[in-house]
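Trainee: This is the structure, below, for whatever I ask next.
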Amino acid sequence: MKKPSAINEKLCQGKDVFERMNYLYQASLFVSSQNISLASYYSSILSGCAKKAVLRIEHNVKRSICKVCESPLIPGKTAKVRLMAKKQKIIKTICYVCKTIKRIPIKKKHTLWFDQPESLIEIFDYNLKTETNNFKTCNSRDSIEIKCYSYNWQN
Amino acid sequence: MENSNDNICLPLPVTISNWFTTYKQREDYLVNFLKNILPSSDVKDIDEELRKLFPLTKRKGKVTNKPEKSSLMAMRKCIRLYLNQTKTYIQYKQMVPLNSLWLGYMHHMLGIKNFTSLPMNFTHSHWESINHRLIKADFHGAIITIVKSKCPSTIGIEGIIIQDTKNTFKVLGKDNVIRVIPKASCIFRIHLEHNVYFDVFGKELCIRPTERSVKKFKNFQIPDL
């Protein structure tokens, strides 16, 4: 009998939930071209999983999901993106489904804590060495990286 | 015609205009009436008495617009309602790539290159760990058939899982019809590859999909069928 190929011994906390969230996000992006109500259902499960397992959604993923109706925001298809520069410089996205407005302010010198190199502690790599035929038909990511951030804010 | 045009510009006859009463006229009439009737000592207080407001007659309570508390959840419910219709116009051909995406997810979930290398017996060393991973997995987008069930009309239904609730699966068949199948009384066969599949008792899946990733499972359960 064959042994199953090496199950990675490096353990990351909540690895299976992270993978599940990753799959649900891809699925909701894929379905959104056909049925928006299914897409919002998938991404609501995404946020539900994160709440149950007490894990944080990555900030770029979190910003690309509508706050009210939880459908994915794709600029041009399900969302409208405008730059506003009157009092404050703002990126403004409007959801086509529920017409809520999301505003994100920008400053020139300010960078997010997650984008700074100090915040990264560790990267777990879970790569599969060979590809199967099923992979090539869809545009899923071949390698899954789980990044571990430190959540202490520095002043 | 000329006569009628002239009539419009003319002031109204006195007999009609006497009928009208304005707000001021009525007040003057009332004040005069009171002055005549009341004794002379009370005449000074008439103006003050008329200014008084009675709380129930004229003042209205402040109308405060309450913020709509249910607007967020109501929005989600409105969108979610479209899923409950049987005709949602989702086609089977369009959902096939979702299944291939799900297979890629299962590869990463199990940490295995080929599904043929899955353990076959319970004597295998990785048997328990893989079983735990399989139960905690997500089943949206999997192709299933129903092998056994208490209800004979549901046997043999095949399709892609679209929605996963606590007690039911919603399955999209090849004829573009969505069917709702109760979990508790069925045995499902989940297809991974061409010849690889595994059978699941539906009773063990009776958990909400969000809670499944956290819950701890017992090793042994006695099947009820």
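The rows are residues; the columns are (1) charged (D, E, K, R); (2) over 30 Å from A:GLY14 (Cα atoms); (3) assigned by TED's automatic domain parsing to the domain that holds B:GLY202.
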| residue | (1), (2), (3) |
| --- | --- |
| B:ASN99 | no, no, yes |
| B:MET106 | no, no, yes |
| B:LYS148 | yes, yes, yes |
| B:GLU158 | yes, yes, yes |
| B:ILE161 | no, no, yes |
| B:LYS166 | yes, no, yes |
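Trainee: Might you let me know whether region B:117-129 holds any residue that is in a loop (DSSP other than H, G, I, E, B), of a type in the set (D, E, K, R) and in the same structural domain as B:GLU204 (by TED's automatic domain parsing)?
Mentor: no
Trainee: In this structure, is B:ARG189 part of a strand (DSSP E or B) and touching a residue at least 40 places away in the same chain (Cβ under 8 Å)?
Mentor: For B:ARG189, the condition - part of a strand (DSSP E or B) and touching a residue at least 40 places away in the same chain (Cβ under 8 Å) - is met.
Trainee: OK, next. Is there any pair with a first residue in region A:80-97 that is on the phi < 0 side of the Ramachandran plot and a second that is among the aromatic types (Phe, Trp, Tyr) whose Cβ atoms are under 8 Å apart and which are 6 or more apart or on different chains, and what are they?
Mentor: Final answer for the pair search is A:LYS80/A:TYR96.
Trainee: Please find, within region B:107-116, the residue that is farthest from B:LEU83 (Cα to Cα) out of those that are out of contact with any strand residue (DSSP E or B) (no Cβ under 7 Å at 6 or more places or on another chain), of a type outside the set (A, V, I, L, M) and in a helix (DSSP H, G or I).
Mentor: Ranking the qualifying residues of region B:107-116, first place goes to B:THR116.
Trainee: So, B:LEU83, is that one crowded, with 19+ Cβ neighbours inside 10 Å and either at the interface with chain A (Cβ under 8 Å from one of its Cβ atoms) or within 30 Å of the chain's Cα centre (by Cα) (or both) or not?
Mentor: No; evaluated as a whole, the condition is false for this residue.
Listed here are the residues, each with its yes/no results for (1) under 18 Å from the mean Cα position of the chain (by Cα); (2) small (Gly, Ala, Ser); (3) modelled with pLDDT under 85.
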position	(1), (2), (3)
A:CYS69	yes, no, yes
A:ALA79	yes, yes, no
A:ILE91	no, no, no
A:ILE94	no, no, no
A:ARG103	no, no, no
A:LYS109	no, no, no
A:TRP113	yes, no, yes
A:ILE121	no, no, yes
A:LYS129	no, no, yes
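Trainee: Within region B:192-209, count every residue that is part of a loop (DSSP other than H, G, I, E, B) and touching a residue at least 40 places away in the same chain (Cβ under 8 Å).
Mentor: 6
Trainee: Right, next: When you scan region B:169-177, do you find a residue that is assigned to a strand (DSSP E or B), in the same structural domain as B:GLN94 (by TED's automatic domain parsing), farther than 17 Å from B:GLY104 by Cα and among the acidic types (Asp, Glu), even just one?
Mentor: no
Trainee: Tally time: how many residues in region A:18-53 are in a loop (DSSP other than H, G, I, E, B) and at the interface with chain B (Cβ under 9 Å from one of its Cβ atoms)?
Mentor: The total comes to 3.
Trainee: Identify all residues within region B:131-161 that are part of a loop (DSSP other than H, G, I, E, B) and within 11 Å of chain A (Cβ to nearest Cβ); write none if there are none.
Mentor: Residues satisfying the conditions are B:LYS136, B:ALA137, B:ASP138, B:PHE139, B:HIS140, B:GLY141.
The values are calculated or read from the model by the stated rules, or taken from the named source; none is laboratory data. Here the structure is a predicted model, which means the values were calculated and not measured. So basically every Cβ, Gly included, is an ideal-geometry build from the backbone, and we count neighbours across all protein chains shown.
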